[in-house]
Amino acid sequence: MILRNTVNKTYIVIPTYNEKENLPILVDELFALDIPNLTILIVDDNSPDGTGKIADDLMEKFPDKILVIHRKGKLGLGTAYITGFKYCLEQGADYIVQMDADFSHNPKKVIELLKRLEEADIAIGSRYISGGSLDENWSIFRKGLSAFGNLYTRAILRMPISDATGGFRAMKRTTLAGIPLDRVKSQGYAFQIEMAYVSYLNGFTFSEVPIYFANRTRGDSKMSLKIQLEAARRVWAILYEYRDLKRPKQS
């Protein structure tokens, strides 16, 4: 079993921008999971609220368990993840988890995501399979927009997953190493879509874990209608940019 193998290295990549209230709590909850050989990699985009300093303090508190990459400014979610992924591969990570810092992703679900890597190359926290759901306080419009975004993406890219825009995922090292990370240019929602699509085109398998996607209770949301509309346009560009990769035959 993955979690009982103390040889394997698990890295959790957490991009941050103004998450000073959430980060210390999240770190404590992740370490409480008692995952062997766990390292948390924080990629901070020079947060004005001092998140970077808090990350450094946490690194001192948990030596050899927390690593911090400081970037010079707000360079985008996609490049933050790519920077973190490449670093994880350089450090010999066996399993890589990506998640938000705002508690929209329940830390306890990390265990189940890692468990699913016994049967698939990528495990996805899904809001759109049985047992998954969105925050009950979201408006009907917001829920509808989110659901439509997934249906729209799946219709264009024809991927066999229900949640193409979610950012709560776990991957094997061999999976991440097999993805042409330098080709991935998207940001925001579109980054998650592009990573899933290129993984699919390269023949990697998926397993979806139902999750409850909670609204943040601390700090300000970075999501907007503009970002979602940009992602919708970007889907067509993704389809074109990877036209050289042949989709695997459907069974």
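The values are calculated or read from the model by the stated rules, or taken from the named source; none is laboratory data. Please read these numbers as outputs of a predicted model, since none were measured by experiment. We place every Cβ from the backbone using ideal geometry, glycine too, and count neighbours over all the protein chains shown. Note: areas computed on protein heavy atoms with side chains; ligands, DNA, RNA excluded. Shrake-Rupley method; radii C 1.70, N 1.55, O 1.52, S 1.80 Å.
Here the accessible area is traced with a 1.4 Å probe on the protein chains. For the chain, carbon and sulfur cover 53 percent of it.
Averaged per residue, what accessible area in Å² does the chain show with a 1.4 Å probe, protein chains only? Let's see the in-between values first.
Working: 11880 Å² over 251 residues.
Here the per-residue accessible area is 47 Å².
For Ile69, nonlocal amide neighbours, meaning residues 5 or more places apart or on other chains whose placed amide H falls under 5 Å from its own, are Ile42, Val43, Asp44. To the nearest Å, what is the center-to-center distance of segment 60-90 and segment 110-187, using C-alpha atoms only? Their Cα centres are 21 Å away from one another. Estimated from helical segments only, the mean residue ellipticity of the chain at 222 nm is -12000 deg cm²/dmol, where each DSSP H run of four or more residues counts as -39500 (n - 2.57). For Phe204, the solvent-accessible surface with a 1.4 Å probe is about 40 Å², rounded to the nearest 10.
Proximity of backbone amide H atoms, modeled 1.01 Å from N, is registered between Phe213 and Ser133, Leu134, Asp135 at under 5 Å, excluding neighbours fewer than 5 places apart on the same chain. Contact order, relative form, for the chain: 23 percent (alpha carbon pairs under 8 Å, 6 or more residues apart, mean separation divided by residue count).
Just reorder Ser139, Ser199 by solvent-accessible area, largest first, 1.4 Å probe, all chains present. Intermediate results must be reported in sequence, preceding the final value.
Numbers: Ser139 60, Ser199 0 Å².
Order by accessible area, largest first: Ser139, Ser199.
Placing unit charges on the Cβ atoms only, positive for Lys and Arg and negative for Asp and Glu, gives the chain a dipole magnitude near 920 debye about its Cα centre.
Each residue was assigned an accessible area with a 1.4 Å probe, and for Arg233 the value is about 150 Å². Ordering Tyr128, Tyr212 by accessible surface, largest first, gives Tyr212, Tyr128; the 1.4 Å probe counts only protein heavy atoms, with every chain in place.
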